[in-house]
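Before any comments, here is the structure.
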Amino acid sequence: MTAAFPANAFVPTAYRVIRQRREMRDVATLELSAAAGELPTFAPGQFNMLYAFGVGEVAISVSGDPGNRGRFVHTLRAVGAVSTALARLEAGQMLGLRGPFGTGWPMTAAVGSDLVIIAGGLGLAPLRPALYHLLSHRADYGGITVLYGTRHPRDILYRREIERWRRRLDLDIEITVDHADRAWHGHVGVVPALIPRAAIDPENTFALVCGPEAMMRFTVAGLRDAGLAPERIYLSMERNMKCALGLCGRCQFGPTFICKDGPVMRFDRILQIFATREI
Amino acid sequence: MEGLDSILAEQPFFAALEPELSKIVSGCARNRRFDAGSYIFHEGDDADEFYLIRHGRVALEMVAPGQAPVVFNTLGSGDILGASWLVPPYKWMFDARAVELTRAVGIDAKCLRGKCEADHHLGYEMMKRFLPVFVRRLHATRLQILDVYGKRGK
Ligand SMILES: Cc1cc2nc3c(=O)[nH]c(=O)nc-3n(C[C@H](O)[C@H](O)[C@H](O)COP(=O)(O)OP(=O)(O)OC[C@H]3O[C@@H](n4cnc5c(N)ncnc54)[C@H](O)[C@@H]3O)c2cc1C
Ligand code: FES
């Protein structure tokens, strides 16, 4: 039974922070390399359990390039004890890591189709590996549109990289913010409001969505209005985790466990529970 | 030059509007152009004209005393600008500024209100188009108020 789990499924392996970048006041990106042995591969959308020694363990998505085998990259916001301890780690310091766990974005199913990637706030982090994959296999996919919403222009994650991507002719990126001052010339409004403006061909498009749950609800409604079938919409769901192995039930979401059936889930498979509050 | 009724007919907002009704509406319409940076209207002005944006981008702003203006929404091609023309006292509640060169069809509010009053079929067709726009904006505003991108419970 345990053979199906990664080698470090139960006990964290030691990793070293090789670089820390402060993205915003309370958001940091950590680059990690294994203190010994080889780094496992991961699929875009998967997460690791990061352990801050003596504090605790939390689920954090991989946000780096799946093509870069040498390191794991994670972007995290300091919200409580564990995430704050992790966000404070500096180059040279150690942490524990189990993983990678969970399901990934449908990179194979989407070959030959258009993609619309919709991210809200830090939800861009779990989608960035999908984007790296798409861009390094660009010829395998149709049109790629990224719709990204965040609170304020100063909260745009991966700003330099987004500026670089925006110069590409084979990628459309639209950014919207909830509030802005007059110096901002882009969109203001919520990210689902960008959906009707994106020329989506519903028969031939997959949507990958990640962000706060309220934002995902409105986004799914917008995608359904645009004609997308539920089986073409994928969401990354978040629930607090403990074992990450489908054993403890902490991450239960209706009849499913987010740690093993998710975090990336096809909307038609969670349609009923998604519509129910407080699950 | 393109006739106003054919310009209106191309707009998704007026899609499937009967040609006779479209003619009546275009009788209240005129072409408008706003340079980048110019104001289309200011808070407190009479809401005597509303706009169907053809190209460009418009920022909706609110000003609190002693503070810099806050942009709370932007509108673009195909969007309707302005609802206050529909409800008394017909005054704008915010400023609207063209962020870039913006072309729009301006519709004389008093003229259209009069025509809708005289022809309730036209009035109902108009309401069927306006109401979903405003309901969608209400929902979007609710999501915006939730301020979902911060720390939970903050
Ligand atoms: C599959 C998966 C992937 C995830 N990926 C990431 C990621 O890439 N980056 C990242 O920063 N986080 C991610 N998270 C969320 C992360 O696991 C939680 O933020 C973390 O567990 C918080 O633990 P804590 O002990 O620091 O705070 P807690 O003590 O658990 O919480 C402290 C306070 O923060 C609030 N809070 C908790 N979680 C969140 C949250 N996600 N957003 C906003 N407020 C929150 C709580 O309501 C509470 O008020 C992911 C979660 C899952 C399940
Ligand atoms: S975290 Fe234990 S079952 Fe998912």
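The values are calculated or read from the model by the stated rules, or taken from the named source; none is laboratory data. Note that the coordinates shown come from a computational prediction; the quantities given were computed from them, not determined experimentally. Positions of Cβ are generated from backbone atoms using ideal geometry, with glycine treated the same way; all protein chains shown enter the neighbour counts.
Structural remarks
- Residues of the stretch A:249-273 that turn out to be aliphatic (A, V, I, L, M), out of contact with any Leu (no Cβ under 8 Å at 6 or more places or on another chain) and more than 11 Å from ligand 1 (Cβ to nearest atom), as a count: 2
- Of all residues in the stretch B:28-37, those satisfying the criterion of being loosely packed, with under 13 Cβ neighbours inside 10 Å and in a loop (DSSP other than H, G, I, E, B) are B:Asp35, B:Gly37.
- Extreme residue, surrounded by the fewest Cβ atoms within 10 Å (Cβ to Cβ), among residues of the stretch A:180-191 that are under 17 Å from A:Ala119 (Cα atoms) and at the interface with chain B (Cβ under 7 Å from one of its Cβ atoms): A:Gly189
- Checked against the criterion of being among the aromatic types (Phe, Trp, Tyr) and modelled with pLDDT of 95 or more, the candidates A:Phe47, A:Phe5, A:Phe10, A:Phe42 yield just one match: A:Phe47.
- Residue match in the stretch B:38-56 (condition: crowded, with 17+ Cβ neighbours inside 10 Å, outside any loop (DSSP other than H, G, I, E, B) and in contact with a His (Cβ under 9 Å, 6 or more places away or on another chain)): no
- Residue that is farthest from ligand 2 (Cβ to nearest atom), among those in the stretch A:228-253 that are out of contact with any Phe, Trp or Tyr (no Cβ under 8 Å at 6 or more places or on another chain) and within 14 Å of another protein chain (Cβ to nearest Cβ): A:Glu238
- Residue pairs meeting the criteria (Cβ under 8 Å; at least 6 apart or on separate chains; first more than 18 Å from A:Pro196 (Cβ to Cβ), in the stretch A:208-230; second of a type in the set (D, E, K, R) and part of a helix (DSSP H, G or I)): A:Pro230/A:Arg224; A:Pro230/A:Asp268
- Within the option set A:Asp268, A:Asp261, A:Asp225, being away from ligand 2 (no atom under 16 Å from the Cβ), away from chain B (no Cβ under 11 Å) and either surrounded by fewer than 15 Cβ atoms within 10 Å (Cβ to Cβ) or farther than 21 Å from A:Tyr148 by Cα (or both) holds for one residue only, A:Asp268.
- Listed conditions (1) over 20 Å from A:Ala221 (Cβ atoms); (2) surrounded by 13 or more Cβ atoms within 10 Å (Cβ to Cβ) are all met by B:Ala118, apart from (2).
- Of all residues in the stretch A:143-167 being within 14 Å of chain B (Cβ to nearest Cβ) and more than 18 Å from the chain's Cα centre (by Cα), the one that is nearest to B:Arg142 (Cα to Cα): A:His152
- Exactly one residue among A:Thr276, A:Thr205, A:Thr219 is more than 16 Å from ligand 1 (Cβ to nearest atom) and surrounded by fewer than 17 Cβ atoms within 10 Å (Cβ to Cβ), and that residue is A:Thr276.
- Of the candidates A:Glu231, A:Glu163, the single residue that is closer than 23 Å to A:Pro106 by Cα, out of contact with any Cys (no Cβ under 8 Å at 6 or more places or on another chain) and not assigned by TED's automatic domain parsing to the domain that holds A:Leu50 is A:Glu231.
- Verdict on A:Ile200 being over 20 Å from the mean Cα position of the chain (by Cα), away from ligand 1 (no atom under 16 Å from the Cβ) and not in a strand (DSSP E or B): yes
- Residue within the stretch A:77-86 that is touching a Pro at 6+ places or on another chain (Cβ under 7 Å) and under 27 Å from A:Leu135 (Cβ atoms) present: no
- Those residues of the stretch A:33-62 which are more than 16 Å from ligand 2 (Cβ to nearest atom) and closer than 17 Å to A:Thr84 by Cα, in sequence order: A:Ala52, A:Phe53, A:Gly54, A:Val55
- Between A:Asp114, A:Asp170, A:Asp140, the distinction of being acidic (Asp, Glu), in contact with a Ser or Thr (Cβ under 7 Å, 6 or more places away or on another chain) and away from chain B (no Cβ under 14 Å) belongs to A:Asp114 only.
- When residues of the stretch B:63-103 are limited to those that are within 13 Å of another protein chain (Cβ to nearest Cβ) and among the small types (Gly, Ala, Ser), the one nearest to A:Ala183 (Cα to Cα): B:Ala68
- Residues (more than 17 Å from A:Gly99 (Cα to Cα) and within 9 Å of ligand 1 (Cβ to nearest atom)) located in the stretch A:50-81: A:Val55, A:Arg77, A:Ala78, A:Val79, A:Gly80, A:Ala81
Residue by residue, here is whether (1) part of a loop (DSSP other than H, G, I, E, B); (2) touching a residue at least 24 places away in the same chain (Cβ under 8 Å); (3) within 16 Å of ligand 2 (Cβ to nearest atom); (4) outside the structural domain of A:Ala36 (by TED's automatic domain parsing) holds:
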site: A:Pro66; (1), (2), (3), (4): yes, yes, no, no
site: A:Thr75; (1), (2), (3), (4): no, yes, no, no
site: A:Leu122; (1), (2), (3), (4): no, yes, no, yes
site: A:Pro126; (1), (2), (3), (4): no, yes, no, yes
site: A:Pro129; (1), (2), (3), (4): no, yes, no, yes
site: A:Tyr132; (1), (2), (3), (4): no, yes, no, yes
